[in-house]
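Read-outs throughout are calculated quantities, based only on the coordinates presented, and are distinct from any laboratory measurement. This structure is a prediction, so every number in the text was calculated from the model and none was measured. So basically every Cβ, Gly included, is an ideal-geometry build from the backbone, and we count neighbours across all protein chains shown.
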Amino acid sequence: MSDLEITADGPVLTVTFNRPKQRNAMTWGMYEGLAQACSQADADDTIRVMVLRGAGGQAFVAGTDITQFAKFSSGEDGVDYEHRVTDIIDRLSDVDVPTVAVIDGYCVGGGLGIACACDLRIATPRSVFGVPIARTLGNCLSTATLALLTHHFGQSRTTELLLTARMMAADEARATGFLSEVAENLDDVLALLVERLLGHAPLSMWATKEALRRLRRAGVVDDTDIISRVYGSADFHAAVTAFTAKKRPEWTGH
């Protein structure tokens, strides 16, 4: 079976992140497959809703597969990575039809970015959300991803989540408005939500999505120097090694 499965059922295109043993951590191939799914949704006039979900019942997406960072040798590698991920997340935001993230379990790092790029999100009560990079790898986010998080959670909460590296529970995420609903029976909730979306005017929904995208992206600034400094640091490279060895990193600030 593929690490990322794309299936069409009538007007609904479903993308399933399918690496349950790795909590659906994203590989480069999975990111590229997600972009292809977005293009498929836009190219097929019969598709009216796009659904994203994780396999295995433990995670939506638990970030990017850490082993891929072991090949980074400079800050430029980090810049390329962050901007590539930003391009994929932007592509997901650009999908013409409504997109729904169905979250069960961990929604972390790049997974949270993917969920933020969707229009609607539903989750189980056991789901958790966060970007704990300050205590794991010591890397950073692109300003585009920060703008997306701030758009959903506000600057104060986004700052607090990133600096404290804590995980946010589903009920808190629901209280912020990030989640449309928290429920155990996600398939039933999804079916009702999809039915409602299919009954609405496609151009009205597209106009709302497009206007909000333009508003959010208006303030994004260049971040190349920031990303290069962090990903080129000794701290980042040591933390990747420590993470794969299941050891706690020791931070130096360099």
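Only one residue of GLY75, THR252, ASN18 has its Cα farthest out toward the positive end of the dipole of the chain, where Lys and Arg carry +1 and Asp and Glu -1 on Cβ, and that residue is THR252.
The packing ranking, built from the mean of other Cβ atoms within 10 Å per residue, places the peptides 122-130, 238-246 in the order 122-130, 238-246, highest first. Taking 21 Å as the straight-line reach from the Cα of LYS21, the lysines in range (excluding those fewer than 8 positions away in the same chain) are LYS246, LYS247. One compactness figure for region 5-90 is 1.21, namely its Cα radius of gyration divided by 2.2 N^0.38 Å. Given the options GLY111, GLY154, GLY219, which has the most mean-square fluctuation in a GNM of the chain, springs set between C-alpha atoms less than 10 angstrom apart? It is GLY219.
Within the chain, antiparallel bridges make up roughly 25 percent of the DSSP beta bridges whose residues both belong there. For region 94-196, the equivalent ellipsoid derived from the alpha-carbon gyration tensor has semi-axes of 24, 15, 11 Å in decreasing order.
Taking Cα atoms only, the orientation of helix 155-164 departs from the longest principal axis of the chain by about 50 degrees.
Remark: relative contact order (region 130-254) = 37 percent; criterion is Cα-Cα distance under 8 angstrom and separation of 6 or more residues.
Within the shell defined by Cβ-Cβ distances under 12 Å, the residues around ALA55 carry a net charge of +1, with Lys and Arg each +1 and Asp and Glu each -1. A straight line joining the Cα centroids of region 212-237 and region 1-74 runs 23 Å. Computed over the alpha-carbon pairs of region 4-185, the distance histogram in 5 Å steps reads 1, 8, 18, 22, 22, 17, 8, 3, 1, 0 percent, short to long.
Exposure proxy shown here: for HIS254, HIS200, HIS83, the number of other Cβ atoms within 10 Å sets the order, fewest to most, as HIS254, HIS200, HIS83.
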